[in-house]
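So the structure is just underneath, and the comments pick up after that.
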Amino acid sequence: MGTILNVHSGDWIVRESGIGAGIDSYYEYLFKAYVLLGEKNNDYLTRFQQHYSSIMSYVQQGVAMINVHMHQPYRSTK
């Protein structure tokens with residue numbers, strides 16, 4: 001996922017993906033929604049797990065976390 005979305009057009013403005021400011025709350029809210037709603041809606045947990053898996057595969061570089069391009073996660077943005 002990118003970090004900034006144009007709410008009027010639905011287009012991504014910033015296509016950097018990572019876990020820093022501007023996107024980390026999304027991951028947090030997915031998990032919190034699952035905890036709050038429980039097993040009634042596993043969609044939140046499924047989404048969280050998919051993102052977590054991608055973060056561990058592409059964003060984590062050893063002990064550091066990097067930003068990657070959302071459509072080319074193997075490519076660092078900085």
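The values are calculated or read from the model by the stated rules, or taken from the named source; none is laboratory data. Just so we're clear, the structure is a prediction, and the values are computed from it rather than from any experiment. As a convention, Cβ positions derive from the backbone with ideal geometry for all residues, glycine included, and neighbour counts pool all protein chains shown. Remember, those area values only see protein heavy atoms, side chains included, never the ligands or the DNA or RNA. Shrake-Rupley method; radii C 1.70, N 1.55, O 1.52, S 1.80 Å.
Using only Cα atoms, tell me the angle between helix 43-54 and the longest principal axis of the chain; keep it within 0 to 90° and round to the nearest 10.
Around 30 degrees separate the two axes.
By how many nm would the segment from ILE13 to ASN41 lengthen if fully extended, with 0.36 nm per residue of separation less the alpha-carbon distance?
7.1 nm
Dividing the Cα convex hull volume of the range 4-69 by residue count, how many Å³ per residue is that? Don't skip to the end; give the middle numbers.
Working: hull volume 6.7 nm³, N = 66.
It is 102 Å³ per residue.
Tell me, in nm to one decimal, what length is gained between HIS69 and MET56 on full extension, where the rule is 0.36 nm per residue of separation less the Cα-Cα distance?
3.2 nm
With charges set only on the Cβ (+1 for Lys and Arg, -1 for Asp and Glu), what does the dipole of the range 4-69 come to about its Cα centre, in debye to the nearest 20?
The dipole magnitude comes to about 60 debye.
For the chain, what's the relative contact order in percent, using C-alpha pairs closer than 8 Å and at least 6 residues apart?
28 percent
Report the one residue of GLN72, GLN60, LEU36 whose Cα lies farthest in the direction of the positive end of the charge dipole of the range 25-78 (charges on C-beta: Lys and Arg +1, Asp and Glu -1; origin at the Cα centre).
Result: GLN72, furthest along the dipole toward the positive end.
Place a point 7 Å from Cα of ILE4 in the direction of its Cβ. Which residues in the range 62-78 have their backbone N less than 13 Å from it?
Flagged as within label range: none.
Using a 1.4 Å probe over the heavy atoms of the protein chains, calculate the carbon and sulfur portion of the accessible area of the chain as a whole percent.
The computed percentage sits at 54.
Considering the range 1-41, what Rg and Dmax in Å follow from its alpha-carbon atoms?
Spelled out, the Cα radius of gyration and Dmax of the range 1-41 are 12.7, 34 Å.
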